Amino acid sequence: MVAKTGFIILLKSQRFWNIVFVFCAAIILVAAGLMVRRQLVPPVRRWGYIDKQGHFVVEPRFIKAYGFKNGFAEVVVPNHSKSARASSESERDSEFDDTACEHYVVSYTDRGDLDSIREIDKSGHLIARDLELPLISAKFDKKTRRYTFCYVRGGSEALRLSKFAWAYEFDRSGLAVVQRQSSSDSPLELIDKNAKTVKVLPAEICTVSDHDVEESEGLREFTIWPNEKENECVGLSGFLNKDYQVVIQARFRSAESFDDGLACVVSNDKTNRTQYIDKLGHIVLELPENAIGSSFGDGLACVDKADRWGSKFGFINKKGQYIIAPNFQSLSNCSSPRFSEGLAKVGVEFFGIRKFGFIDRSGRFVIPPQFEQARDFSEGLAAASVEVDR
């Protein structure tokens, strides 16, 4: 009774309400100050490397960071000599979701900051060593609205002086696919590091996958454009071997690289069904019409299933059975999750805020969603990005 009476007296006290008012005003002013500061000096996204507990073992300080391979990883370090405007443009470029493209994006640049592309070891130390393969530089001509490609930081002088209408990365055998002219009469060619033509690919082949053929189990995708009428082109995809010989004819609407002995393809018919083929081109698994699949990783493949309530994804095994039920909400403009080293990157979205974490084979988050973006694990570490103050 005494406590209740004292509380009532406190509520009637003008001094109490003055303290409450000052406290609330202080909170509002601090929040407003933080919002203004965020507008005037917005945070930037920086990449680092996390372990399988979700802890940063290499602090987030890179504009871009890519997967480890043989103990080294490519990163893009901030170029402090740039103007403020150029740095801001670089930060906007880093917002692009290229997590499915491990080395493709870092090798192409039209900002003239090739010196920013470096390599690190697993301690995060910058390594001064010659790159194994030349990098590609792409420059955009505003008048012709076309890119011109060339190779830099590697290869012979003849290679560095050569310009191409299109160019792919060099593979481990020391060969690269290029197109010398932008016309349809100019076929794709295989060149060596002296820019000499080693082989001319069949004229009907218009694109070749840039995946490392060793990592895609000895086969790479290619595309032809067989039908051209009323300005509508329908491409068909097949597979080449290491010698760039056709081993699976181009008969699919699209195709992804081989992994775990299977490749994800889309049938070239009215159903557009997702199918999985073996290295002989035989269909071993076909998904229902309302399901869209992606490549296998660690024996599981992500399948996006649509219904009247929207689209959700889960993971199936090679028999087409769900190992992880489709309970995760699909996100737009986001690459399909893929298991690597026992974990898969999965994104969640609340009120327009998107964060990424990692799940295990039970479908449970073992690393809670907390990152702005992330890549698959490789050699025990995964590149992940967070927002940091400038």
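The values are calculated or read from the model by the stated rules, or taken from the named source; none is laboratory data. Keep in mind the model is a prediction, meaning the values are calculated, not measured. Cβ: placed from backbone, ideal geometry, glycine included. Neighbour counts: every protein chain shown.
Structural remarks
- Criterion (among the β-branched types (Val, Ile, Thr) and surrounded by fewer than 21 Cβ atoms within 10 Å (Cβ to Cβ)) met by exactly one of Ile316, Ile353, Ile367: Ile353
- Among the numbered conditions (1) touching a residue at least 40 places away in the same chain (Cβ under 8 Å); (2) crowded, with 20+ Cβ neighbours inside 10 Å, the only one that Asp298 does not meet is (2).
- Residue selected from segment 190-217 under the condition polar (S, T, N, Q) and without any contact (Cβ under 8 Å) to a residue 40 or more places away in the chain, by the criterion nearest to Leu135 (Cα to Cα): Asn194
- Restricted to segment 61-97, and to residues there that are part of a loop (DSSP other than H, G, I, E, B) and among the hydroxyl-bearing types (Ser, Thr, Tyr), the residue that is modelled with the lowest pLDDT is Ser83.
- Residue among Ser184, Ser137 that alone is modelled with pLDDT under 80, farther than 30 Å from Phe56 by Cα, part of a loop (DSSP other than H, G, I, E, B) and out of contact with any Leu (no Cβ under 6 Å at 6 or more places or on another chain): Ser184
- If you go through segment 350-370 and keep only what is free of Cβ contacts under 8 Å to residues at least 24 places away in the same chain and either in contact with a helix residue (DSSP H, G or I) (Cβ under 9 Å, 6 or more places away or on another chain) or among the hydrophobic types (A, V, I, L, M, F, W, C) (or both), you end up with Phe350, Phe351, Ile353, Phe365.
- Residue count for segment 131-187, restricted to those that are of a type outside the set (Lys, Arg) and farther than 26 Å from Lys69 by Cβ: 18.
- Taking the numbered list (1) in a strand (DSSP E or B); (2) surrounded by 14 or more Cβ atoms within 10 Å (Cβ to Cβ) in turn, Ala325 passes all entries but (2).
- Among the residues of segment 188-212, those identified as touching an Asp or Glu at 6+ places or on another chain (Cβ under 6 Å) and either surrounded by 16 or more Cβ atoms within 10 Å (Cβ to Cβ) or among the hydrophobic types (A, V, I, L, M, F, W, C) (or both) are Val198, Val200, Ser209, Asp210.
So that you can scan it fast, the table gives a plain yes or no per residue for (1) at pLDDT below 80; (2) under 25 Å from the mean Cα position of the chain (by Cα); (3) in a strand (DSSP E or B); (4) among the basic types (Lys, Arg):
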position	(1), (2), (3), (4)
Val106	yes, yes, no, no
Asp115	yes, yes, no, no
Thr148	no, yes, yes, no
Val178	no, yes, yes, no
Ala203	no, no, no, no
Cys206	no, yes, yes, no
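- Selection of segment 231-243 for residues being within 27 Å of the chain's Cα centre (by Cα), under 19 Å from Asp171 (Cα atoms) and either exposed (fewer than 15 other Cβ atoms within 10 Å of the Cβ) or modelled with pLDDT under 90 (or both) yields Asn241, Lys242.
- Within segment 335-350, the set of residues being outside any strand (DSSP E or B) and either surrounded by fewer than 15 Cβ atoms within 10 Å (Cβ to Cβ) or in contact with an Asp or Glu (Cβ under 8 Å, 6 or more places away or on another chain) (or both) comprises Ser335, Ser336, Arg338, Glu341, Gly342.
- Taken together, Thr223, Thr144 contain a single residue that is of a type in the set (S, T, N, Q) and surrounded by fewer than 14 Cβ atoms within 10 Å (Cβ to Cβ), which is Thr144.
- Restricting attention to segment 244-292, the residues that are assigned to a loop (DSSP other than H, G, I, E, B) and over 22 Å from the mean Cα position of the chain (by Cα) total 18.
- Cβ-Cβ contacts under 7 Å between residues 6 or more apart (or on different chains), taken from a first residue in segment 333-346 that is of a type in the set (S, T, N, Q) to a second residue that is part of a loop (DSSP other than H, G, I, E, B), are listed as Asn333/Asp97; Ser335/Asp97; Ser335/Thr99; Ser335/Ala100; Ser340/Asp298; Ser340/Asp376; Ser340/Phe377.
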